[in-house]
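The values are calculated or read from the model by the stated rules, or taken from the named source; none is laboratory data. All of these numbers come straight from a predicted model, not from anything done at the bench. Cβ placement follows ideal geometry from the backbone for every residue including glycine, while neighbour counts extend to all protein chains displayed. These area figures cover heavy atoms from the full protein model, side chains too; ligands, DNA and RNA do not enter into them. Shrake-Rupley method; radii C 1.70, N 1.55, O 1.52, S 1.80 Å.
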Amino acid sequence: MRECSNCGQPNSENAEFCVNPQCRTYLGWATTAFSDPAAEPPKPTRAATVGVFPGPPRQPNGPATPSNPQRFGVRVTMDPTELSVDPGAAVVSTVTVHNTGTRVEEFELGVAGPLRPFAHLEPAVLSVYPDAKVTAVLRFAPPRDAGVRAGRAPFVVGARSRVNARVEDKVSGSVTIGSFTELKAALQPESSRGRKPARHTVVAANLGNVPLGVQVVLADRAGALTFEPPQAITTLPAGASVETPVLVGGSRKWFGRTESHAFTAQVSPADGAPPIGLNGVRNQVPVFPWWVPTAVVVLLALTLAVIALVPKHKDTVPGTTGMIQLAAEQILENAGYKPVIVQRADPNVPLGQVIESKPVAGYELKHGEPVQLFVSIGPCDGGCLIEVPNVEGLKQADAEAALKAAQFEVERSIEVPDPAIAKGLVISSSPAAGEKKEPGSKIVLKVSTGPTPTTTVAPPTTTGGKGGTDGTGGKEQVEIPDVVGKSKAEATEKIQAVGLTSDIVEQSNATVAAGKVIAADPAAKSKVDKGSTVKVTVSSGPEPIPVPDVTKKPKADALSALTAAGLKTKVVEQPDTKIADGAVISTDPVAKTAVAKDTVVTVTVSQGPPCKSGFVFRLAKPDDHVCVTQTIADRTKTENSQAAARVSATDHTYGPDTCVQGYVWREAVKDDHVCVVPQSRTDAATDNAADKDRHAK
């Protein structure tokens, strides 16, 4: 029997390591020693790892004798050393332990740093022969929790010999934790009742790991309630919550029954995520119950109520800057103003938020007047399209001011009689409200002249058997037929039938079918001299869309740009030695080609350089273009098909993709959580490292 000099455990003569699981000392050290009995064992080439291993270091085993000199040493390396991971996901690195000594060593691995609770080494103990290298996999899997803050977190990986405690080494690295935002909100209480305003509280909680700006806007569609304050803006630190108190009250009623008014508290995160809508109810109780018996008392009370409700202040424009468009419109309408939306590109204001108003907040303005709301469409590179503001029902001067503010040019105004619209008010615009046009586009306004005046036309006088005149040289007048919505041929026929001629002008229109009449100038039912010319505007269909130039852009950005332009997409992939993997090679139709809306654009995306002979794409995911052998590619396909069966139904230590016992995440590409045997993950890391040399040049 061979006794372990470290713990005294008996072992067989041919055993290399102590069978005691708490010791596992290499038994060869029992009869070996350092070359100089008076000298200390050699120190590691780099500083010892501080805080990596728990507890005091072990003592070296065996006495030193000069008869059997040995060399001790270890070097630890890691690839990569700079890692990035999103909370709720995992990232791996390969740790390599090189035994630079002359005898077999057993090394234990450890991790130090703020992310140590989320680090896992596999295996954590390595047996390494002299001048040999053995690898372990280091995985960081931080949970999706506000406590895991975004940013760079340093760490240290160390290896220490179990045979000689003074032989150890370390390597440093860092993990960059990605950011995420998550907002929850609640209204407390959801309903209130009383005569005086009641206190409600909007509670917003930031469950993300980065600070988040939050805007709270309260409104009711009927405009029967008051809110103090009507809006609030705050910034929540990661993991923090804030309570916004709001006094909610109704208009003061002296008599009647209790009225219920629904209202909303809209909580909007500044990161552009959809807002959270909270619903509440205010039950407004009148000052006196409805059954007050004396009519005189009721009349007197109503008189006092009217006097009490007379406003003591002038009408002013309410503040809307920073609100989302819907809430700002509601507040202006409740205040008695007409909001006119003017779009403007602004890289500093999120999409859909109000940049400013004109007139500004606090400006004295009569009820019923228009207020221009400048709403952000976000950043805009190159030429961007702006919606034509809705100026119907505005005075001509106000309409022209709104169009000018939206960077459009009013080409001309056409006066048309309209019995339903007062004189001087805008009937419509061409292009119509809501159409997207380039800044500087020309707009034609149709302005009402009021009802058509009634005129008495003297009957024509016949002289010498000739008719058609009144004897004074005046011409016969005819009424223009209504041809809007008719086909071009039908409109021409109707106009010619009453003795007029038509001048056909084509114009693109997104809402009127091609070949149909958009408008006539002069308008229908107007009376003109017989033989006059009527300008007929006919739709040529939607305005053609130029295909955006997305060449060399990432696939996701390219598809987003094409979709935003009103086009549909189809993606095909092919290898390319010049265009980076995942970037767009070309489009069909090519960039700047004018096409109809919803046209399908074929986007050819690069798979990167093709693989050399003997290799194929691995395809762990559709965009995985790492070159591997056909055997590895076939195994990867099989692993993908068996992935669901290898996920644990009960263990969620590493999230919903936690593997069953015996399997680990493959990590061939980012977020590759397919469960495989450990060797398959090692092969994936090896293939990733060798990929740069497996592509054709």
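Over 23 Å between Cα atoms, which of LYS436/LYS488; LYS436/LYS568; LYS437/LYS488; LYS552/LYS637; LYS553/LYS621 qualify? Could the numbers behind the result be given before it?
Values: LYS436/LYS488 25 Å; LYS436/LYS568 18 Å; LYS437/LYS488 25 Å; LYS552/LYS637 30 Å; LYS553/LYS621 20 Å.
The answer is LYS436/LYS488; LYS437/LYS488; LYS552/LYS637.
The alpha-carbon of LYS612 sits under 17 angstrom from the alpha-carbons of these lysines, leaving out residues fewer than 8 places away in its chain: LYS578, LYS692, LYS697.
Here the Karplus curve 6.51 cos²θ - 1.76 cosθ + 1.60, taken at θ = phi - 60°, turns the phi angles of region 93-107 into couplings of 9, 9, 9, 10, 10, 10, 7, 8, x, 10, 10, 5, 10, 10, 10 Hz, with x standing for Gly and Pro. Ligands, DNA and RNA left out, the accessible area of region 655-697 computed with a 1.4 Å probe is 56% carbon and sulfur.
At 1.4 Å probe radius, can you tell me the per residue accessible area of region 185-242 in Å²? Write out the running numbers ahead of the final one.
Values: 2850 Å² over 58 residues.
Solvent-accessible surface per residue comes out at 49 Å².
First compute the accessible area of region 120-232 with a 1.4 Å probe, then give the percent of it belonging to carbon and sulfur atoms. Display every interim value, and only then the final one.
On the way: 2490 of 4960 Å².
On region 120-232, the fraction of accessible area on carbon and sulfur atoms equals 50 percent.
Annotation: per residue accessible area for region 316-437 equals 49 Å², rounded to a whole number [probe 1.4 Å, protein chains only]. Each Cα pair under 8 Å and six or more residues apart adds its sequence gap; the mean of these over the residue count of region 151-262 is a relative contact order of 22 percent. Converting phi to 3J(HN,Hα) with the Karplus coefficients 6.51, -1.76 and 1.60 and the offset θ = phi - 60°, region 343-358 yields 7, 8, 6, 8, x, 9, 10, x, 3, x, 9, 7, 7, 6, 10, 9 Hz in sequence order, with x at every glycine or proline. If a/c stays under 1.5 just call it rounded; otherwise compare a/b with b/c (prolate if a/b is bigger, oblate if not). Do that for region 165-210, with a ≥ b ≥ c from the square roots of the Cα gyration tensor eigenvalues. Prolate. Taking a Cβ cut-off of under 15 Å around LYS568, the surrounding Lys, Arg, Asp and Glu residues balance to a net charge of 0, with basic ones at +1 and acidic ones at -1. Near VAL628: Cβ cut-off under 12 Å, other residues only, Lys/Arg at +1 and Asp/Glu at -1. The net charge is 0. Gap in Å between the Cα centre of region 496-532 and the Cα centre of region 202-238? Result: 52 Å between the Cα centres. In order along region 643-654, the Karplus-derived 3J(HN,Hα) couplings, from 6.51 cos²θ - 1.76 cosθ + 1.60 at θ = phi - 60°, round to 4, 4, 6, 9, 9, 5, 8, 10, 8, 10, 4, 10 Hz, and Gly and Pro are given as x. Report the net charge of residues surrounding ILE414, where surrounding means a beta-carbon distance below 9 angstrom and charges are Lys +1, Arg +1, Asp -1, Glu -1. Around ILE414, the surrounding residues sum to 0.
For LEU236, the amide hydrogen comes within under 5 Å of the amide hydrogens of LEU212, GLY213, VAL214, counting only partners 5 or more places away or on other chains and with H modelled in the peptide plane.
Whenever you get a sec, compute what percent of the accessible area on region 558-610 sits on carbon and sulfur atoms (1.4 Å probe). All intermediate terms of the calculation are to be shown ahead of the outcome.
Numbers: 1470 of 2740 Å².
Here carbon and sulfur together make up 54 percent of the probe-accessible area.
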